[in-house]
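Here is the structure we will look at, set down as structure tokens.
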Amino acid sequence: MSEKIIEHILQNPSGTKTENIIFNDQNYEVSYNWKSRISIKIEPAQHLFQNIDVCEIRKAPLASLITRYPNYNLRGERTELTEKLLYNKYTPALLSFPVSKLSCENGKISFTATLRKKHIIQLEKIINYFEALLVTLK
């Protein structure tokens, strides 16, 4: 799947593409937007309309430089899901990509990142890490 997307991105100088993927028996939309950089967004296909607090996890770049190990910023409330995400072994791998964040909303997890076009091969790693993260959270 990601080989086709990589070929499509390399053949076209800019564009947008959205695909549906099944992770953990749930439908997710994977959106790619590229020109000089590639933005990837993985989010649940089904949106729930419940008012639940939203949280977001990002890497804290300045604190990570000072302490020399990754630190993360959590925006929103600490819940059981955010605790699992913070202590998961795939979270640092996903948040190591530039401009990346994990978002929790309505009990579902989404991921956003931006890559340089010359690092296009890492799209496959992102998808694999995200799928592994969802499997370990069950």
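The values are calculated or read from the model by the stated rules, or taken from the named source; none is laboratory data. Since we're looking at a predicted model, the values are computed, not measured. All Cβ positions, even for glycine, are placed from backbone atoms using ideal geometry, and neighbour counts span all protein chains on display.
Does the stretch 1-15 hold any residues that are over 12 Å from Ile127 (Cβ atoms) and either part of a helix (DSSP H, G or I) or within 17 Å of the chain's Cα centre (by Cα) (or both), and which are they?
Answer for the stretch 1-15, where residues must be over 12 Å from Ile127 (Cβ atoms) and either part of a helix (DSSP H, G or I) or within 17 Å of the chain's Cα centre (by Cα) (or both): Lys4, Glu7, His8, Ile9, Leu10, Gln11.
May I ask you to list pairs of residues, at least six apart or on different chains, whose Cβ atoms are under 9 Å apart, with the first in the stretch 76-87 being under 16 Å from Val135 (Cα atoms) and the second being exposed (fewer than 14 other Cβ atoms within 10 Å of the Cβ)?
Here the result reads Leu81/Gly107; Leu81/Leu137; Lys84/Thr136; Lys84/Leu137; Leu85/Leu137; Leu86/Arg78, each pair linking the stretch 76-87 to a residue that is exposed (fewer than 14 other Cβ atoms within 10 Å of the Cβ).
Is it the case, given these coordinates, that Ser39 is surrounded by 12 or more Cβ atoms within 10 Å (Cβ to Cβ), modelled with pLDDT of 90 or more and closer than 30 Å to Leu10 by Cβ?
In short, yes.
Could you list, in sequence order, all residues of the stretch 75-93 that are in contact with an Asp or Glu (Cβ under 9 Å, 6 or more places away or on another chain) and either over 18 Å from Ala113 (Cβ atoms) or modelled with pLDDT under 75 (or both)?
Gly76, Glu77, Thr79
Return the total of residues in the stretch 88-137 being farther than 17 Å from Trp34 by Cβ and of a type in the set (Val, Ile, Thr).
Total satisfying the criteria: 4.
Within the stretch 82-121, track down each residue that is part of a helix (DSSP H, G or I), of a type outside the set (Val, Ile, Thr) and surrounded by 19 or more Cβ atoms within 10 Å (Cβ to Cβ).
Hits for the stretch 82-121 are Leu85, Leu94, Leu95.
If you go through the stretch 94-123, how many residues are within 14 Å of Cys55 (Cβ to Cβ), out of contact with any Lys or Arg (no Cβ under 7 Å at 6 or more places or on another chain) and either modelled with pLDDT of 90 or more or not polar (S, T, N, Q) (or both)?
Counting residues in the stretch 94-123 that are within 14 Å of Cys55 (Cβ to Cβ), out of contact with any Lys or Arg (no Cβ under 7 Å at 6 or more places or on another chain) and either modelled with pLDDT of 90 or more or not polar (S, T, N, Q) (or both) gives 7.
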